[in-house]
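Notes follow once the structure below has been shown.
The values are calculated or read from the model by the stated rules, or taken from the named source; none is laboratory data. Keep in mind that what you see is a predicted model, and the values were worked out from it rather than measured. Please note: Cβ atoms are built from the backbone with ideal geometry, for glycine as well, and neighbour counts cover all protein chains shown. SASA here: full protein model, heavy atoms, side chains in, ligands and nucleic acids out. Shrake-Rupley method; radii C 1.70, N 1.55, O 1.52, S 1.80 Å.
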Amino acid sequence: MRTRLLALVLVPVLAVAGWGTRARAEPVDLELVLAVDSSASVDYIEFNLQLEGLAYAFRDPDLVAAIGNGQYGAIAVTLMEWASSDRQQRVLPWTRIASAADAAAFADRIDRSPRQIQTGATSISSAIRVANRLFEANGFEGTRRTIDLSGDGYNNQGEALSDARAAVLASGTTINALAIESQVPGLGDYFEAQLIGGIGAFVIRADSYRDYLGKIRRKLLREIQAPPMS
(Lines give C-alpha, C1' and ligand atoms only; values in the text may rest on other atoms or scores of the structure.)
Protein backbone atom coordinates (compact mmCIF):
# COMPACT_ATOMS: atom_id res chain seq x y z
CA MET A 1 0.00 0.00 0.00
CA ARG A 2 2.85 2.32 0.92
CA THR A 3 4.60 1.58 -2.40
CA ARG A 4 1.42 2.33 -4.31
CA LEU A 5 0.99 5.69 -2.57
CA LEU A 6 4.60 6.61 -3.32
CA ALA A 7 4.06 5.83 -6.98
CA LEU A 8 0.95 8.00 -7.08
CA VAL A 9 2.95 10.89 -5.64
CA LEU A 10 5.97 10.46 -7.93
CA VAL A 11 4.05 10.22 -11.21
CA PRO A 12 2.64 13.76 -11.15
CA VAL A 13 5.94 15.15 -9.82
CA LEU A 14 7.89 13.52 -12.65
CA ALA A 15 5.30 14.67 -15.16
CA VAL A 16 5.63 18.26 -13.96
CA ALA A 17 9.43 17.99 -14.01
CA GLY A 18 9.36 16.64 -17.55
CA TRP A 19 7.02 19.41 -18.66
CA GLY A 20 9.35 22.00 -17.17
CA THR A 21 12.28 20.57 -19.13
CA ARG A 22 10.35 20.67 -22.39
CA ALA A 23 9.13 24.20 -21.75
CA ARG A 24 12.54 25.64 -20.86
CA ALA A 25 13.41 28.59 -23.10
CA GLU A 26 16.50 28.44 -25.28
CA PRO A 27 19.16 31.01 -24.32
CA VAL A 28 20.20 33.58 -26.92
CA ASP A 29 22.11 36.85 -26.80
CA LEU A 30 19.26 38.95 -28.18
CA GLU A 31 15.53 38.68 -28.81
CA LEU A 32 14.76 41.13 -31.61
CA VAL A 33 11.44 42.30 -33.07
CA LEU A 34 11.76 43.97 -36.47
CA ALA A 35 8.75 46.28 -36.80
CA VAL A 36 8.35 47.78 -40.28
CA ASP A 37 6.00 50.61 -41.25
CA SER A 38 3.12 49.47 -43.48
CA SER A 39 0.87 52.52 -43.12
CA ALA A 40 -0.78 54.54 -45.90
CA SER A 41 2.25 56.82 -46.22
CA VAL A 42 4.34 53.86 -47.39
CA ASP A 43 3.80 52.86 -51.03
CA TYR A 44 4.68 49.43 -52.40
CA ILE A 45 8.10 50.47 -53.67
CA GLU A 46 8.97 51.97 -50.29
CA PHE A 47 7.66 48.94 -48.41
CA ASN A 48 9.68 46.58 -50.58
CA LEU A 49 12.78 48.68 -49.98
CA GLN A 50 12.36 48.04 -46.26
CA LEU A 51 12.28 44.29 -46.83
CA GLU A 52 15.14 44.48 -49.32
CA GLY A 53 17.26 46.33 -46.78
CA LEU A 54 16.56 43.76 -44.06
CA ALA A 55 17.31 40.83 -46.36
CA TYR A 56 20.54 42.50 -47.50
CA ALA A 57 21.60 43.03 -43.89
CA PHE A 58 21.08 39.40 -42.88
CA ARG A 59 23.26 38.25 -45.81
CA ASP A 60 26.11 40.48 -44.65
CA PRO A 61 29.17 38.58 -43.30
CA ASP A 62 29.83 41.30 -40.71
CA LEU A 63 26.37 40.80 -39.24
CA VAL A 64 26.88 37.02 -39.06
CA ALA A 65 30.25 37.61 -37.36
CA ALA A 66 28.62 39.95 -34.84
CA ILE A 67 26.10 37.24 -33.95
CA GLY A 68 28.90 34.71 -33.48
CA ASN A 69 30.77 37.01 -31.11
CA GLY A 70 28.00 36.89 -28.51
CA GLN A 71 28.05 34.76 -25.37
CA TYR A 72 25.69 32.20 -26.91
CA GLY A 73 26.53 32.92 -30.54
CA ALA A 74 22.85 33.14 -31.44
CA ILE A 75 19.96 35.59 -31.64
CA ALA A 76 16.20 35.13 -32.05
CA VAL A 77 14.34 37.41 -34.45
CA THR A 78 10.83 37.94 -35.78
CA LEU A 79 9.32 40.33 -38.34
CA MET A 80 6.07 42.29 -37.99
CA GLU A 81 4.24 45.00 -39.93
CA TRP A 82 2.35 47.83 -38.27
CA ALA A 83 -0.01 50.68 -39.18
CA SER A 84 -3.25 51.69 -37.39
CA SER A 85 -4.00 50.90 -33.75
CA ASP A 86 -5.86 47.75 -34.84
CA ARG A 87 -3.48 46.75 -37.63
CA GLN A 88 -0.39 44.80 -36.66
CA GLN A 89 0.65 41.55 -38.23
CA ARG A 90 3.52 39.20 -37.41
CA VAL A 91 4.91 38.16 -40.78
CA LEU A 92 7.65 35.69 -39.84
CA PRO A 93 7.77 33.46 -36.76
CA TRP A 94 10.52 33.60 -34.18
CA THR A 95 13.68 32.24 -35.76
CA ARG A 96 17.01 31.31 -34.19
CA ILE A 97 20.02 32.57 -36.13
CA ALA A 98 23.44 31.20 -35.23
CA SER A 99 25.21 30.77 -38.58
CA ALA A 100 25.56 32.21 -42.07
CA ALA A 101 23.16 29.54 -43.33
CA ASP A 102 20.55 30.49 -40.72
CA ALA A 103 20.88 34.18 -41.61
CA ALA A 104 20.67 33.52 -45.35
CA ALA A 105 17.58 31.36 -44.89
CA PHE A 106 15.93 34.12 -42.87
CA ALA A 107 16.83 36.64 -45.57
CA ASP A 108 15.24 34.38 -48.18
CA ARG A 109 12.03 34.27 -46.12
CA ILE A 110 12.01 38.06 -45.92
CA ASP A 111 12.38 38.24 -49.71
CA ARG A 112 9.35 35.98 -50.14
CA SER A 113 7.15 37.83 -47.64
CA PRO A 114 4.18 39.61 -49.25
CA ARG A 115 2.83 42.79 -47.73
CA GLN A 116 0.18 41.91 -45.15
CA ILE A 117 -1.15 45.38 -44.24
CA GLN A 118 -2.12 47.53 -47.20
CA THR A 119 -2.87 50.88 -45.55
CA GLY A 120 -3.72 52.57 -42.27
CA ALA A 121 -2.79 55.31 -39.84
CA THR A 122 0.50 55.60 -37.95
CA SER A 123 0.01 54.17 -34.47
CA ILE A 124 3.52 53.78 -33.13
CA SER A 125 2.13 53.37 -29.62
CA SER A 126 0.12 50.31 -30.64
CA ALA A 127 3.06 48.95 -32.64
CA ILE A 128 5.43 48.90 -29.68
CA ARG A 129 2.74 47.49 -27.36
CA VAL A 130 2.08 44.58 -29.75
CA ALA A 131 5.78 44.09 -30.49
CA ASN A 132 6.52 43.79 -26.78
CA ARG A 133 3.88 41.09 -26.36
CA LEU A 134 5.65 39.00 -29.00
CA PHE A 135 8.41 38.27 -26.49
CA GLU A 136 6.00 36.36 -24.28
CA ALA A 137 6.34 32.55 -24.47
CA ASN A 138 8.38 32.75 -27.68
CA GLY A 139 10.63 29.83 -26.68
CA PHE A 140 13.74 31.98 -26.19
CA GLU A 141 15.41 33.69 -23.26
CA GLY A 142 17.65 36.54 -24.36
CA THR A 143 20.10 38.51 -22.28
CA ARG A 144 18.53 41.51 -24.06
CA ARG A 145 15.15 42.25 -25.64
CA THR A 146 14.90 44.92 -28.33
CA ILE A 147 12.20 46.38 -30.56
CA ASP A 148 13.66 47.72 -33.81
CA LEU A 149 11.01 50.06 -35.26
CA SER A 150 11.22 51.77 -38.65
CA GLY A 151 8.79 54.55 -39.54
CA ASP A 152 8.28 57.71 -41.60
CA GLY A 153 5.82 59.73 -39.49
CA TYR A 154 4.54 60.82 -36.11
CA ASN A 155 2.24 58.80 -33.89
CA ASN A 156 -1.23 59.95 -35.02
CA GLN A 157 -3.66 57.35 -33.68
CA GLY A 158 -4.33 55.33 -30.54
CA GLU A 159 -2.77 55.61 -27.13
CA ALA A 160 -0.40 58.42 -26.26
CA LEU A 161 3.08 57.39 -27.29
CA SER A 162 4.51 58.45 -23.92
CA ASP A 163 2.23 56.01 -22.07
CA ALA A 164 3.00 53.05 -24.34
CA ARG A 165 6.70 53.82 -24.27
CA ALA A 166 6.75 53.94 -20.45
CA ALA A 167 5.00 50.57 -20.20
CA VAL A 168 7.35 48.89 -22.67
CA LEU A 169 10.47 50.28 -21.01
CA ALA A 170 9.18 49.20 -17.59
CA SER A 171 9.17 45.60 -18.83
CA GLY A 172 12.91 45.79 -19.53
CA THR A 173 12.66 46.02 -23.31
CA THR A 174 14.84 48.46 -25.26
CA ILE A 175 13.28 50.46 -28.10
CA ASN A 176 15.46 51.58 -31.01
CA ALA A 177 14.25 53.42 -34.10
CA LEU A 178 15.12 54.12 -37.71
CA ALA A 179 13.58 57.42 -38.79
CA ILE A 180 12.89 57.66 -42.52
CA GLU A 181 12.82 61.42 -43.00
CA SER A 182 11.63 61.60 -46.62
CA GLN A 183 8.25 63.08 -45.62
CA VAL A 184 8.91 64.48 -42.15
CA PRO A 185 12.29 66.25 -41.86
CA GLY A 186 13.56 66.05 -38.30
CA LEU A 187 11.57 62.90 -37.52
CA GLY A 188 14.66 61.48 -35.89
CA ASP A 189 14.51 64.20 -33.24
CA TYR A 190 10.92 63.19 -32.44
CA PHE A 191 11.91 59.53 -32.17
CA GLU A 192 14.85 60.54 -29.97
CA ALA A 193 12.64 62.47 -27.57
CA GLN A 194 9.41 60.47 -27.62
CA LEU A 195 10.11 56.87 -28.67
CA ILE A 196 13.45 55.29 -27.91
CA GLY A 197 14.58 54.13 -24.49
CA GLY A 198 16.36 51.40 -22.58
CA ILE A 199 19.99 50.32 -22.34
CA GLY A 200 22.02 51.70 -25.23
CA ALA A 201 18.93 52.98 -27.08
CA PHE A 202 19.56 54.95 -30.26
CA VAL A 203 18.06 56.41 -33.44
CA ILE A 204 19.41 56.04 -36.98
CA ARG A 205 18.24 58.58 -39.56
CA ALA A 206 17.66 57.82 -43.25
CA ASP A 207 17.03 60.59 -45.78
CA SER A 208 14.85 58.30 -47.91
CA TYR A 209 13.72 54.72 -48.30
CA ARG A 210 16.64 54.21 -50.70
CA ASP A 211 18.96 55.44 -47.94
CA TYR A 212 17.27 52.95 -45.60
CA LEU A 213 18.97 50.11 -47.51
CA GLY A 214 22.35 50.87 -45.99
CA LYS A 215 21.21 52.37 -42.71
CA ILE A 216 19.27 49.29 -41.54
CA ARG A 217 22.44 47.21 -41.85
CA ARG A 218 24.27 49.69 -39.59
CA LYS A 219 21.39 49.62 -37.16
CA LEU A 220 21.26 45.84 -36.90
CA LEU A 221 25.01 45.58 -36.39
CA ARG A 222 24.79 48.04 -33.54
CA GLU A 223 21.84 46.22 -31.95
CA ILE A 224 23.44 42.79 -32.13
CA GLN A 225 26.64 43.97 -30.47
CA ALA A 226 26.08 44.21 -26.73
CA PRO A 227 26.02 47.85 -25.54
CA PRO A 228 28.87 48.86 -23.21
CA MET A 229 28.07 48.57 -19.52
CA SER A 230 28.42 51.72 -17.42
Work out, in µm²/s and without decimals, the Stokes-Einstein translational diffusion coefficient of the stretch 43-143 at 20 °C, 1.002 mPa s, Rh from Kirkwood over C-alpha pairs.
146 µm²/s
In degrees, nearest ten, helix 161-170 long axis to first principal axis of the chain (Cα):
30 degrees
In debye to the nearest 20, the charge dipole size for the chain, taken about the Cα centre with +1 at each Lys and Arg Cβ and -1 at each Asp and Glu Cβ, equals 1060 debye
Expressed as an acute angle from 0 to 90° and rounded to the nearest 10, what is the orientation of the C-alpha long axis of helix 209-224 relative to the principal long axis of the chain?
30 degrees
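Rank by packing, highest mean first: peptides 183-192, 209-218, with packing defined as the count of other Cβ atoms within 10 Å averaged across residues.
Answer by packing, highest mean first, reads 209-218, 183-192.
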Give me the three principal axis extents of the stretch 95-161 from the C-alpha atoms, as integers in angstrom, largest value leading.
40, 29, 18
Gyration tensor over alpha-carbon atoms, the stretch 19-70, equivalent ellipsoid semi-axes in Å:
31, 19, 7
Farthest towards the positive end of the dipole of the stretch 94-230, among Thr143, Ser123, Ala104 and with Cβ unit charges of +1 on Lys and Arg and -1 on Asp and Glu, lies the Cα of Ala104
Please give the net charge around Asp189, taking every other residue with its beta carbon less than 15 angstrom from that of Asp189, where Lys and Arg add +1 and Asp and Glu add -1.
-3
Over the stretch 17-158, what percent of the accessible surface lies on carbon and sulfur atoms, probe 1.4 Å?
48 percent
Hz values of 3J(HN,Hα) by residue in the stretch 106-112 - Karplus curve (6.51, -1.76, 1.60), Gly and Pro given as x
5, 4, 4, 5, 4, 4, 8
The chain: angle of helix 124-133 to the longest principal axis, Cα-based, in degrees nearest 10:
20 degrees
Which of rounded, prolate or oblate describes the stretch 135-217 when judged by the alpha-carbon gyration tensor and an a/c cut-off of 1.5?
oblate
Helix-derived [θ] at 222 nm for the chain: sum -39500 (n - 2.57) over DSSP H runs of at least 4, divide by residue count, nearest 500?
-14000 deg cm²/dmol
Taking Rh as the Kirkwood radius, which is the inverse of the mean 1/r over Cα pairs, what is the Rg/Rh value for the stretch 179-230?
1.00
Given backbone amide H placed at 1.01 Å from N, residues whose amide H is under 5 Å from that of Ala74, ignoring those fewer than 5 places away on the same chain, are Asp29
Give, rounded to the nearest 20 debye, the magnitude of the charge dipole that the stretch 15-113 has about its Cα centre when Lys and Arg contribute +1 at Cβ and Asp and Glu contribute -1 at Cβ.
520 debye
For the stretch 41-86, what D do you get in µm² per second when you plug the Kirkwood radius from alpha-carbon pairs into Stokes-Einstein at 4 °C and 1.567 mPa s?
101 µm²/s
Give, to the nearest whole percent, the P(r) tail of the stretch 83-202 beyond 25 angstrom, counting all Cα pairs.
27 percent
